[in-house]
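Below: the structure, in structure tokens.
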Amino acid sequence: MASLTMPTLSSNLAYSSSIAHFISLAKPAHPNRKTGPKFTCNSTKGDQNSSDHDTAGSKNGETSLLKLDRRNVLLGIGGGLYGASTFGGNPSAFAAPLSPTFTACHDATDPDSKEIDCCPPSATAADITDFVPTAPSVIATRPAAQLVDSTYLKKYKTAIEKMRNLSSDDPRSFTAQANVHCAYCNGGYYQDGYADSQLLLDVHNSWLFFPFHRWYLYFFEKICQNMVDDDTFALPFWNWDNPPGMFLPTIFNDSSSPLYDSLRNPSHLSTVLDLSYEGTDSTDSTITVIKNNLYLMYKQMVTQSTTPLSFFGKTFRAGETSDPGAGSIETSPHSNVHRWTGDPNESHGEDMGSFYSAGRDPVFYCHHANVDRMWSLWNSLGGQNFTDSDWLNSSFYFYNEQAKPVKVYVKDCLDTSVLGYTYQTVDIPWLNSKPSPRRTAIELPTAPTPSQVFPTTLEKTITVLVKRPKKKRTKKEKQRAEEVLEISGIQYNIGEFVKFDVYINEDTPDESGPEKTELVGSFINVPHGHSMISTTTKTFAISEVLQELGADEFESVLVTLVPKSSTVTISGVKIKYDSTKVSA
Ligand code: C2O
């Protein structure tokens, strides 16, 4: 993964040698393989690169908080700078890790603004213990769902059946586990310290996405192990990034099985999974959909994941409003798979297509196991976790396999081998699916500039010419900061499915399909919370894209936005730099 581990961003040589490096990492299915560097909080002031001033998401104060200390990276400490005391004058400089008001859970709201009770059994502060995982005696291997045998399947079904049979006031019951997702996504908790101002804590569309779901699955899996009295049991992963896994795993499609859920799209039970699904079935052949899925995976895991901000999502600190912005994988394919699986005949795509109900479908946990696997793969490919202490010290609460409430921290879930699990090794064909440009070094048409167009409602395709802060950056500058396209002030209804596509240097978007570099990605919202307008930001990494398009020294970038569903309004489009980039 050239853009993550090699100084040369896009030469084929660097690309293939880094893949060779990755493959050598991935090959031995060694159960104790660490998935990423372990970080400690480091408050040393780093050598801030003043020339590439990071303005990505500066509303959250990332400008100074996330500068990377290159010397630490070179030393393999994986450092990065953070220390509240280092940032005098910055309001975000005070420690502000997030934590939910777990002991004061209140009714959540569904997309129709109906109140729903998804709260776990109530707990008092005295009941709760901090949970820190310690080196486990057994490493359980999560298998690809399409590869499991009948012995495994029997055990899995037994575990889920037993959970289904527990009374819903038992926090280990399937119903209570499904409700965990509802409470954390549809407004069951306020942010600790901000209950008076009713600031909600939503675990989606921010840097909390990966760690929350990792912990959620951890306890779900522990409960399964407990049900079958086998600590080698591990959840299956929906291997949607690999052609044999690009369909609803058959183990979930037996109506007599506890793994079955009737609220799924009836026409998707045996058709190929479209990772770019936006509500209408593709007319492409199965083989084309599969190829396009692989191109999408490459874009999301490599091109669009060159920095912690781009991979995990935007920073989210106590006192800020929810949904600051999703990372690459959370956007696609994570959201598309939710949408593709849920039943379009239900009012909000229940179960998988809406967050309050998603956990009611057993395939949810299989889907999220693969999302979690993407985090592990990204670390194996050289992706470095945030070192920001507000991320590391953010916390969640769950009920464990003994039905006891526990508090856990982001910093304790960074290494899956410490959590006691790993993933079965399977092919990763998208590593060889790099998209290619339709055209290079094109003459950019004159187009309105963002200031002439925004704010606007995205009702039809819009093309704007966006000026770059610098038209030529040195190799060093490129290594230190990713060039990003930022679409800001995206106002959308969080209760609706929303999608628009984004193209670079392409004014006839129909000409550039998923296999082309020009289509850089999408903005997507899966319905969560009740109907209400929220504002967010979406960024796309474009350093590699511009290089591929032969536009690396152009003064401007042509940006085309194509609406695909419910309308949104947008307040601006800008080119910025994200210096959370890690490059050794
Ligand atoms: Cu919490 Cu896939 O969502």
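To keep it simple, each residue is scored yes or no on (1) out of contact with any helix residue (DSSP H, G or I) (no Cβ under 9 Å at 6 or more places or on another chain); (2) surrounded by fewer than 24 Cβ atoms within 10 Å (Cβ to Cβ); (3) over 18 Å from V363 (Cβ atoms).
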position: A123; (1), (2), (3): no, yes, yes
position: P143; (1), (2), (3): no, yes, no
position: D170; (1), (2), (3): no, yes, yes
position: C185; (1), (2), (3): no, no, no
position: Y189; (1), (2), (3): no, no, yes
position: W207; (1), (2), (3): no, no, yes
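With the requirement that a residue be within 30 Å of K538 (Cα to Cα) and either in contact with a Pro (Cβ under 7 Å, 6 or more places away or on another chain) or away from the ligand (no atom under 16 Å from the Cβ) (or both), what does the stretch 158-178 give you? Hits for the stretch 158-178: nothing passes. Of the residues making up the stretch 213-226, at least one is over 25 Å from D388 (Cα atoms) and among the β-branched types (V, I, T). Restricting G349, G327 to those that are among the small types (G, A, S), under 17 Å from V371 (Cα atoms) and not assigned by TED's automatic domain parsing to the domain that holds V484 reduces the list to G327.
Annotation: of all residues in the stretch 512-544 being small (G, A, S) and not in a loop (DSSP other than H, G, I, E, B), the one that is surrounded by the fewest Cβ atoms within 10 Å (Cβ to Cβ) is S534.
Here P258, P308 are screened, and the one residue that is within 24 Å of L217 (Cα to Cα) and surrounded by fewer than 23 Cβ atoms within 10 Å (Cβ to Cβ) is P258. Filtered by the rule that a residue be in a loop (DSSP other than H, G, I, E, B), out of contact with any Cys (no Cβ under 9 Å at 6 or more places or on another chain), closer than 15 Å to F355 by Cα and within 11 Å of the ligand (Cβ to nearest atom), the stretch 200-217 gives a lone residue, N205. Report yes if some residue within the stretch 290-304 is at pLDDT below 95, within 16 Å of the ligand (Cβ to nearest atom) and within 26 Å of I504 (Cα to Cα); otherwise report no. No, because not a single residue in the stretch 290-304 is at pLDDT below 95, within 16 Å of the ligand (Cβ to nearest atom) and within 26 Å of I504 (Cα to Cα). Residues in the stretch 424-437 that are touching a Ser or Thr at 6+ places or on another chain (Cβ under 6 Å) and crowded, with 19+ Cβ neighbours inside 10 Å: P435, P437. Restricting the stretch 474-531 to residues that are touching a Gly at 6+ places or on another chain (Cβ under 8 Å) and hydrophobic (A, V, I, L, M, F, W, C), the residue that is nearest to the ligand (Cβ to nearest atom) is V526. Checking each residue in the stretch 248-270 for being touching a helix residue (DSSP H, G or I) at 6+ places or on another chain (Cβ under 8 Å) and not charged (D, E, K, R) picks out L248, P249, T250, I251, F252, S257, P258, L259, Y260, L263, N265, H268. The condition of being more than 16 Å from the ligand (Cβ to nearest atom), at pLDDT 95 or above and not aliphatic (A, V, I, L, M) holds for only one of T271, T280, that being T271. Whenever a residue of the stretch 441-458 is touching a residue at least 24 places away in the same chain (Cβ under 8 Å), its partners that are among the aromatic types (F, W, Y), lying with C-beta atoms within less than 9 angstrom and at least six residues away or across chains, give the pairs A441/F554; L444/F554; L458/F500. All of D130, D170, D110 fail the test of being among the acidic types (D, E) and in contact with a Cys (Cβ under 9 Å, 6 or more places away or on another chain), apart from D110.
For the stretch 305-331, the tally of residues that are more than 16 Å from the ligand (Cβ to nearest atom), in contact with a strand residue (DSSP E or B) (Cβ under 6 Å, 6 or more places away or on another chain) and part of a helix (DSSP H, G or I) stands at 2.
Out of the helices (runs of 4 or more DSSP H) lying entirely within the stretch 332-416, which hold 3 or more residues that are within 12 Å of the ligand (Cβ to nearest atom) and under 23 Å from N179 (Cβ atoms)? Talk me through it step by step, then tell me what you get.
Values: elements: 335-341, 355-358, 363-380, 389-392.
Because the criterion is at least 3 residues that are within 12 Å of the ligand (Cβ to nearest atom) and under 23 Å from N179 (Cβ atoms), the helices (runs of 4 or more DSSP H) in the stretch 332-416 that meet it are 335-341, 355-358, 363-380.
Whenever a residue of the stretch 209-220 is closer than 11 Å to F396 by Cα, its partners that are among the hydroxyl-bearing types (S, T, Y) and within 11 Å of the ligand (Cβ to nearest atom), lying with C-beta atoms within less than 9 angstrom and at least six residues away or across chains, give the pairs F212/Y184; Y216/Y184; Y216/Y365. Scanning the stretch 501-511 for residues that are over 19 Å from T331 (Cβ atoms), surrounded by fewer than 22 Cβ atoms within 10 Å (Cβ to Cβ) and touching a residue at least 60 places away in the same chain (Cβ under 8 Å) returns D507, E511. Scoring G187 on the criteria (1) more than 16 Å from the ligand (Cβ to nearest atom); (2) modelled with pLDDT under 95; (3) at positive phi leaves a single failure, condition (1).
In the set (1) under 20 Å from the mean Cα position of the chain (by Cα); (2) surrounded by fewer than 21 Cβ atoms within 10 Å (Cβ to Cβ), the condition left unmet by Y218 is number (2). When the test is whether a residue is in a loop (DSSP other than H, G, I, E, B) and within 16 Å of the ligand (Cβ to nearest atom), L235 passes it. For the stretch 122-163, the set of residues classified as under 29 Å from the mean Cα position of the chain (by Cα) and in a loop (DSSP other than H, G, I, E, B) consists of I128, F131, V132, P133, T134, A135, P136, V138, I139, P143, V148, listed by residue number.
The values are calculated or read from the model by the stated rules, or taken from the named source; none is laboratory data. Since this is a predicted model, take the numbers as computed values, not measurements. When we count neighbours, we look across all protein chains shown, and the Cβ atoms used for this are built from the backbone with ideal geometry, even at glycine.
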